[in-house]
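Since every read-out is calculated from the coordinates, none of them should be taken as a lab result. All of these numbers come straight from a predicted model, not from anything done at the bench. Note: ideal-geometry Cβ built from the backbone for every residue, glycine included; neighbour counts use all protein chains shown.
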Amino acid sequence: MPILSRPALVEHLVRTRIAGDVATPRDNNLAHYRRLANGDRHYWFGLEFGDRWTDEQDVLAVMAERCGVVDDPAHRAGQDTIDPELTVAALDRLAARLAKAAASKERVLFATGHPGALIDAHSRVAAALRARGCDVVRIPGGLTADEGYVVQFADVAVFERGASLWHTHSPEPMNAILDGLAALGEAAPDLVVADHGWAGRAAQRGIESVGYADCNDPALFLAEAEGTMQVTVPLDDHVVDPRYYEPLTAYLLDAAGLGG
């Protein structure tokens, strides 16, 4: 796939609604910010915020700065946005961290709570890092969490229940992986590339973690602001066609020196 220039990638992100005017409505975003601020652990993604983010307006301010949502608290309904320039800037930061992993031949774990959208993006990065000598973590067999199974496809850990791969925000699958590795005497990953509670819980447990997050999922952006997450890339994490992420992934690999 040809590598898009930065301006062309920005145009692609807006056209496909990965960024720009995204599908998630403003009232949904604000409801999630409020629930996080009110202490609903479902929205903490396995992180521990204590009483540091109890004001919804503080959460909104971080999301405006790091994701590009509308910063006006009076804007309560209708369209909300992700700034595509912030998306590309975060991809550049993520590329720098991946380049470091490749140079040091780190042990890297990939996981996603959005298997219908992001599994291929994660898998392509995993393959590129393996080709540069990284140890892509193979998770232990037989792991369970949340009344389902933690399994691995194409190098990416996912949650399975009822013979289907599930969308999940839960941190428990990541707990199962890290505890399972420890029980086998295996080293923890040097880096986790993930999203949702997979990324948040890894970061909370002291592992360097990078990943993707939507504008209605503030936890990973707050963790990046606090320094717990290394990089959080703002994007719509489930657009209509998973192939729309391919130019983004190609740009990321090229920027990291992992293309070709």
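Quick look at the numbers
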read-out: Filter result (assigned to a helix (DSSP H, G or I) and not basic (Lys, Arg)) within the stretch 25-38; value: ASP27, ASN28, ASN29, LEU30, ALA31, HIS32, TYR33, LEU36, ALA37
read-out: Selection count, the stretch 103-123, where residues are buried (at least 20 other Cβ atoms within 10 Å of the Cβ) and part of a helix (DSSP H, G or I); value: 6
read-out: Tally of residues being outside any helix (DSSP H, G or I), touching a helix residue (DSSP H, G or I) at 6+ places or on another chain (Cβ under 8 Å) and of a type in the set (A, V, I, L, M) across the stretch 178-207; value: 7
read-out: Single residue of ALA99, ALA154, ALA126, ALA74 found to be of a type in the set (A, V, I, L, M) and more than 16 Å from THR249 (Cα to Cα); value: ALA74
read-out: Among (1) over 14 Å from HIS122 (Cα atoms); (2) in contact (Cβ under 8 Å) with a residue 40 or more places away in the chain; (3) in contact with a Gly (Cβ under 8 Å, 6 or more places away or on another chain) - the single one MET229 does not satisfy; value: (2)
read-out: Counted residues, the stretch 39-58 - those being in a helix (DSSP H, G or I) and either surrounded by fewer than 21 Cβ atoms within 10 Å (Cβ to Cβ) or among the small types (Gly, Ala, Ser) (or both); value: 5
read-out: Of the criteria (1) in a helix (DSSP H, G or I); (2) surrounded by 16 or more Cβ atoms within 10 Å (Cβ to Cβ); (3) among the hydrophobic types (A, V, I, L, M, F, W, C), which one ALA8 fails; value: (2)
read-out: Matching entry among VAL136, VAL125, VAL108 (being within 19 Å of SER209 (Cβ to Cβ) and without any contact (Cβ under 8 Å) to a residue 60 or more places away in the chain); value: VAL136
read-out: Matching residues, the stretch 34-75, being touching a helix residue (DSSP H, G or I) at 6+ places or on another chain (Cβ under 8 Å), more than 23 Å from HIS238 (Cα to Cα) and either of a type outside the set (S, T, N, Q) or in contact (Cβ under 8 Å) with a residue 40 or more places away in the chain (or both); value: ALA37, GLU48, PHE49, ARG52, TRP53, ASP55, GLU56, ASP58, ASP71, PRO73, HIS75
